[in-house]
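One structure is given here, and the rest of the page talks about it.
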Amino acid sequence: MRLHITGVAFAIGLSFSAVTQAGGISGSNLGNTCAGCHGVNGASAGTTMPVIGGLPKSYIETAMKQYRDGSRSATVMGRIAKGYNDAQIAAMSEFFARQAWVSATQNVDANLAKLGSTIHAGNCENCHEKNGTVIAEGDAPPRLAGQWTAYLQLYMDGVNDPAWLNKHPKKGTFGKTTKSDVDAVLQFYASQK
Amino acid sequence: MSNSNRRNFLKAIGGVSVASVMGLGSSRAGAAVKAKVVIVGGGYGGAIAARYLKMAEPGLEVVLIEKNKQYVSCPLSNTVLAGFGKLEDLTFGYDGLARHGVTVVHDTVESIDPQARKVKIGGGKTFDYDRAIVAPGVDFKWGAVKGYDEATSLTIPHAWKAGPQTTLLANQLKSMKDGGVVIITVPDNPFRCPPGPYERAALVAHYLKQHKPRSKIIILDAKDKFSKQGLFTQGWKQTYGDMIEWVAAAKGGEIDAIDAATRTAISVVGTKYQADVLNVIPPQHAGQIAHTAGLVNPKGWCPNNPVTFESTLQKNIYVIGDASVGGAMPKSGYGANTQGKVAAAAIIASLRGVEPDESAYLNTCYSLIAPDYGISVAGIYQVKDGQLIEVPGSGGVSPMDASAAYRKVEAAHAHSWLRNITAEMFG
């Protein structure tokens, strides 16, 4: 049927502009360039690179803009984020938000994870609800369950470093958290899928 | 649409299902295309193009022709010279691409006929295509350094294609006496992996510092500056003291010839540098098939439309990766990766008869100075006035004088980078 309609279009000399769409900003083209470090559709296979596929648009968009203006410290992301305008950041964020979250496949220390469960419940659950599994638009914090432990460790190192900027609401108050507590809670998130 | 464009358009859709090309009455995302794409070369560019074509259009017939049954990653292969990396961790098979529906053919490519749209392989078989992607990487200009040809490379390694050459160089370093001199010769731009020679010097120094600490490394360079220069120079000094000496072209570093028998590099000004281990990184040009197929400019690289990476010399052939001119992008694995995606998206748009969306180009490249000492460069590119340029004010290299912790994080990222980019190609 479509073949027939197409034939008519040719026959009566309709302009091709009806089917020749002007190229615009493409969230998938932009997002696909990130895959070399963040995995196909944001499902990272590298331990220090976070899974970003399936995170809320608002979260990714905010993070990219903070990287761009320097209010969130990074090694390479600040340099990369400066390459994109607001519309491009919105498009790539929307692309990643559309993807399914794929939890990292990693080893878990079950005993540490159990201890971490208690620490999470007492300290983190208020914001990172439902054991850190919640993905919600708006100001909600990011999903932690199933995130790479090595990445979260780097993030926590930054939270504890006054010179390393990020907007974590508890930044500056984590100093009392021991390293073993952090290890345990990260094992808990690794155990959650 | 002009008449000639219309003719091309009609020609273009000749080989594909008209109904699906037009995509009338459905969104572009839903418009299935029946067509055949043949990809020559299964490295960082070709393998990715194959996968992304199948991801976007599962019904598309994608044939990947690659002579090697296993791919060995050049990125991170200097870690083998350092003694902490293993070649088997950098070696990948093509089963993953086959699982994604790509037809993988292990053979050489004899010829490409752009008019008849046929690719002929060494075994004699011919593959028709609607679109072709040519991703052959680089070949060496044997003889450009006098006395250095393919046969000589079996004793004087280039190790600029990872695999047996990497092992050869690693073994020579292992056999070298303490107090020996390692010479690395570096060609002028453009060449594959601009920071690679300087990472190599660092990682060879890492090996020597532990096992042969009285040894020296001399880099003889055909250039007066190089990629991540400040960072490398700082990192070499911090980590290896005076073990690495870099000789710029202006200081007589450009070599004219080698004498393989005595492992001597002879500079253009006649200075002789005798080595215990001589590593010649030869001048390069696009892989041979690009020459055979009429895809190269007089300098031996493939010019293309930066929006699509379609060759400006042959229609319906897209040249990606190190073989392409590539505008401001370096000849890097990550560059080839994003160019593969640009070509895949452009091919699908052309098969559907729509304008391609805005293309996106990125490069992120890590170098290791030591196991816990990484540095990076990032670049974001855009097409402006027909040129592929860096987005002003973006990208750049790691900061100078960063903390050891910062360098350690970037070293960890280098390994995560490899995991992700190779999983994307072969997973």
### Message
When the residues of region B:169-192 are narrowed to those that are of a type in the set (G, A, S) and assigned to a loop (DSSP other than H, G, I, E, B), which ends up nearest to the chain's Cα centre (by Cα)?
### Response
B:G180
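For every residue, the table says whether it meets (1) touching a Cys at 6+ places or on another chain (Cβ under 6 Å); (2) more than 9 Å from every other protein chain (Cβ to nearest Cβ); (3) touching a residue at least 60 places away in the same chain (Cβ under 8 Å); (4) closer than 19 Å to B:V409 by Cβ.
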{"site": "A:A45", "(1), (2), (3), (4)": "no, no, no, yes"}
{"site": "A:I60", "(1), (2), (3), (4)": "no, yes, no, no"}
{"site": "A:R72", "(1), (2), (3), (4)": "no, yes, yes, yes"}
{"site": "A:R79", "(1), (2), (3), (4)": "no, no, no, yes"}
{"site": "A:I89", "(1), (2), (3), (4)": "no, yes, no, no"}
{"site": "A:A97", "(1), (2), (3), (4)": "no, yes, no, no"}
### Residue match in region A:137-149 (condition: more than 12 Å from chain B (Cβ to nearest Cβ), farther than 20 Å from B:H413 by Cβ and assigned to a helix (DSSP H, G or I))
no
### Task
Return the only residue of B:S111, B:S153 being part of a strand (DSSP E or B) and among the hydroxyl-bearing types (S, T, Y).
B:S111
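Conditions tested, residue by residue: (1) buried (at least 18 other Cβ atoms within 10 Å of the Cβ); (2) more than 18 Å from the chain's Cα centre (by Cα).
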residue: B:L64; (1), (2): yes, no
residue: B:Q70; (1), (2): no, no
residue: B:P75; (1), (2): yes, no
residue: B:T79; (1), (2): yes, no
residue: B:A82; (1), (2): yes, yes
residue: B:K86; (1), (2): no, yes
residue: B:G96; (1), (2): yes, yes
residue: B:V102; (1), (2): yes, yes
### Query
Could you list, in sequence order, the residues of region A:157-193 that are of a type in the set (S, T, Y), closer than 22 Å to A:D139 by Cα and surrounded by 14 or more Cβ atoms within 10 Å (Cβ to Cβ)?
A:Y189
### Residues of region A:83-100 satisfying the condition of being out of contact with any Gly (no Cβ under 6 Å at 6 or more places or on another chain), crowded, with 18+ Cβ neighbours inside 10 Å and not small (G, A, S)
A:Y84, A:Q88, A:I89
#### Entry: Evaluation of B:P298 against (1) farther than 28 Å from B:T152 by Cα; (2) modelled with pLDDT of 95 or more; (3) in a loop (DSSP other than H, G, I, E, B); (4) over 17 Å from the mean Cα position of the chain (by Cα) (one fails), failing number
(1)
### Condition broken by B:L87, with the remaining ones in (1) touching a helix residue (DSSP H, G or I) at 6+ places or on another chain (Cβ under 6 Å); (2) modelled with pLDDT under 95 satisfied
(2)
### Task
Confirm whether B:T233 is in a strand (DSSP E or B), out of contact with any helix residue (DSSP H, G or I) (no Cβ under 8 Å at 6 or more places or on another chain), closer than 26 Å to B:Y366 by Cα and not aliphatic (A, V, I, L, M).
no
#### Entry: Qualifying positions in region B:398-422 - over 17 Å from the mean Cα position of the chain (by Cα), facing chain A (nearest Cβ under 9 Å) and among the hydrophobic types (A, V, I, L, M, F, W, C)
B:A402, B:A405, B:V409, B:A412
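Does region A:173-182 contain at least one residue that is in contact with an Asp or Glu (Cβ under 8 Å, 6 or more places away or on another chain), more than 25 Å from A:A45 (Cβ to Cβ) and not in a loop (DSSP other than H, G, I, E, B)?
Within region A:173-182, the subset in contact with an Asp or Glu (Cβ under 8 Å, 6 or more places away or on another chain) is none.
No, region A:173-182 has no match at all.
I need a count of the residues in region B:268-295 that are within 18 Å of B:T152 (Cβ to Cβ) and in a strand (DSSP E or B).
From region B:268-295, those within 18 Å of B:T152 (Cβ to Cβ) are B:272-284; that's our starting set.
Adding the requirement that they be in a strand (DSSP E or B) leaves B:272-274, B:277-280, B:284.
Result for region B:268-295: 8.
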### Query
Out of region B:354-366, which residues are buried (at least 24 other Cβ atoms within 10 Å of the Cβ) and either in contact with a Phe, Trp or Tyr (Cβ under 7 Å, 6 or more places away or on another chain) or among the aliphatic types (A, V, I, L, M) (or both)?
B:A360, B:Y361, B:L362, B:N363, B:T364, B:C365, B:Y366
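Applying the selection to region B:377-397, what residues are at the interface with another protein chain (Cβ under 7 Å from one of its Cβ atoms) and buried (at least 23 other Cβ atoms within 10 Å of the Cβ)? Outline the logic, then answer.
First, pick out the residues of region B:377-397 that are at the interface with another protein chain (Cβ under 7 Å from one of its Cβ atoms): B:378, B:380, B:391, B:393-396.
B:A378, B:I380, listed by residue number.
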#### Entry: Within region B:223-239, tally of residues that are in contact with a Pro (Cβ under 9 Å, 6 or more places away or on another chain) and in contact (Cβ under 8 Å) with a residue 60 or more places away in the chain
4
### Query
Can you name the residue in region B:193-216 that is over 21 Å from B:A250 (Cβ atoms) and among the hydroxyl-bearing types (S, T, Y) and is also farthest from the chain's Cα centre (by Cα) among such residues?
B:S215
## Note on the structure
A careful count of residues in region B:208-232 that are over 25 Å from B:V269 (Cα atoms) and surrounded by fewer than 21 Cβ atoms within 10 Å (Cβ to Cβ) gives 7
### Query
Does A:S103 count as of a type in the set (S, T, Y), modelled with pLDDT of 95 or more and either more than 20 Å from B:Y361 (Cα to Cα) or assigned by TED's automatic domain parsing to the domain that holds A:W164 (or both)?
yes
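Which one of these is under 25 Å from A:A81 (Cβ atoms), more than 10 Å from chain A (Cβ to nearest Cβ), hydrophobic (A, V, I, L, M, F, W, C) and touching a Ser or Thr at 6+ places or on another chain (Cβ under 9 Å): B:L368, B:L351? Can you show your working first?
Details: B:L351 fails: under 25 Å from A:A81 (Cβ atoms).
Answer to the selection: B:L368.
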### Task
Exactly one condition in (1) more than 14 Å from chain B (Cβ to nearest Cβ); (2) in contact with a Lys or Arg (Cβ under 9 Å, 6 or more places away or on another chain) is not met by A:G158; state its number.
(1)
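The values are calculated or read from the model by the stated rules, or taken from the named source; none is laboratory data. For clarity, every value in this text was computed on a predicted model and none was experimentally measured. FYI the Cβ positions are ideal-geometry reconstructions off the backbone, even for glycines, and counts take in every protein chain you see.
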